[in-house]
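Following: one structure in structure tokens, then a few remarks.
Every number in this text was worked out from the coordinates using simple rules, so none of it is lab data. Just so it is clear, the model here is predicted, and its values are computed rather than measured. Note: ideal-geometry Cβ built from the backbone for every residue, glycine included; neighbour counts use all protein chains shown.
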Amino acid sequence: MSAGQFLNASGYQVTILDKGFRCGGRYATRRVDGFSFDHGTPYFKPSQIPSDLKNILSEPFLKTWSDDLSANDETSVVSIPAMRSFPEALGRGLDIRQGVQVEKLSFRDDVFFAETADTSSKDMPTSDGLSGPFDAVLLTAPGPQTADLIEGLLPIGSDLLKAARKVTYTPQFSVLVGYDFLREAPSIIHNPISKIAKIVNQAKKPDRPEKSAFVVFCSPEWSLENLNKPKDEVAEIILKDLENILSEHGVAVDGLGKPAYLAAHSWRYCRLENPAGLSPEAQIDATSTLAVAGDWIMLPDTHGALCSGINAARQIEIKLSNRS
Ligand SMILES: Cc1cc2nc3c(=O)[nH]c(=O)nc-3n(C[C@H](O)[C@H](O)[C@H](O)COP(=O)(O)OP(=O)(O)OC[C@H]3O[C@@H](n4cnc5c(N)ncnc54)[C@H](O)[C@@H]3O)c2cc1C
């Protein structure tokens, strides 16, 4: 989105193809049965917004949230009404096509084409789309998925392919638990047991539904050990832990009964272990206008993702303007 805004402002026509049903990637929110769960990034810091996008901090859809007890200096920010509202706002005015998975890229006569599949229905994706021509392509999927797409284009992008292939991620489970009433509970509990990195009480976030809803972020170690467990089983295990932890924090859990909503989400590409370490100039292929961006380029967080997008867009703009 940051790259799209930059190129759009420079007068280029931008098309974003995203296989997700909703915009936002790992800035994800699941809304179900009156609950709202931010099961990806739960919040971020204002300093993570690069200077090119600082104006966005004064927008009314961002609110400070001072309940992150681990923060010793900077207050956190959340977007309202949901975390995915942030990427949605960044994407305003851009031509974004959700439910479109890029399966293969091709390059001929100096332009790119994308073969796509429709992932918008719950059935198997149908591979029948072709998008293009595009003067430039920016791939922002996680490293391994980007590598798969570049591979089909070789020899174009071979240095980018090497960089994208070498990054690795830790997977992580987020468990979503919703009760049909509101009960007072702490906003955030950090590292209560080794299995759990963080519990975030959704009802305490600004402008969220007033029902008890928790997102339990499992630790990377436990998530890796239990990656092959069925998600229902993961959800049940973590639910028991959650109720014990809430009880230790003085929340009356007797008689809570079954939660109205319980689900585990598995993030295959959650946290980056080793970024590619690409300089802005190295984000674009030496021989073409194929570029890469995402949190795997340099820094594994919101700041890294946004900056890498702007840097890649600058490189694309330089190459395209040199061409004309
Ligand atoms: C549980 C969790 C907690 C986190 N906590 C924090 C935090 O506290 N602070 C922080 O700063 N960061 C946090 N992060 C990390 C942060 O979410 C990421 O760094 C950031 O969202 C990365 O953005 P991105 O655009 O690089 O990648 P993504 O958000 O992963 O976006 C990639 C996009 O590519 C699309 N895509 C992939 N393949 C294809 C294809 N073939 N065709 C079309 N589209 C495709 C996907 O649908 C997706 O929309 C957390 C992440 C998770 C999962």
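Structure data summary
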read-out: Amide hydrogen neighbours beyond the local backbone of H249, cut-off 5 Å, H modeled; value: none
read-out: Proximal charge balance of Q145 [Cβ under 10 Å; K/R count +1, D/E count -1]; value: +1
read-out: Inter-part distance where the range 153-204 and the range 31-82 are each reduced to a Cα centre, Å; value: 15 Å
read-out: W222, W296 arranged by Cβ crowding within 10 Å, fewest neighbours leading; value: W222, W296
read-out: Inverse mean reciprocal Cα-Cα distance (Kirkwood Rh) of the chain, Å; value: 21.0 Å
read-out: The range 1-30-the range 244-262 distance, computed between alpha-carbon centres (Å); value: 39 Å
read-out: For the chain: relative contact order, % (alpha-carbon pairs under 8 angstrom, 6 or more apart); value: 20 percent
read-out: Shape of the range 1-77, Cα gyration tensor, a/c cut at 1.5; value: oblate
read-out: Share, in percent, of DSSP beta bridges within the chain that are antiparallel, nearest 5; value: 85 percent
read-out: Gyration tensor (alpha-carbon) shape descriptor, the range 1-134, a/c threshold 1.5; value: oblate
read-out: Ranking of H249, H39 by count of other Cβ atoms within 10 Å, fewest first; value: H249, H39
read-out: Global form of the range 136-256, assessed from the alpha-carbon gyration tensor, a/c cut-off 1.5; value: prolate
read-out: Cα-based reach from K211 at 16 Å (exclusive), listing lysines while leaving out same-chain residues under 8 positions away; value: K258
read-out: Taking the range 125-220 and dividing mean pair separation by its residue count, relative contact order in percent (alpha carbons under 8 Å, at least six apart); value: 24 percent
read-out: Length-normalised contact order for the range 1-143 - Cα pairs under 8 Å, 6+ apart - percent; value: 26 percent
read-out: Calculated FRET value between D232 and T170, using beta carbons and R₀ = 25 Å, to 0.05; value: 0.65
read-out: Residues K195, K258, K204 arranged by fewest to most Cβ contacts within 10 Å; value: K258, K204, K195
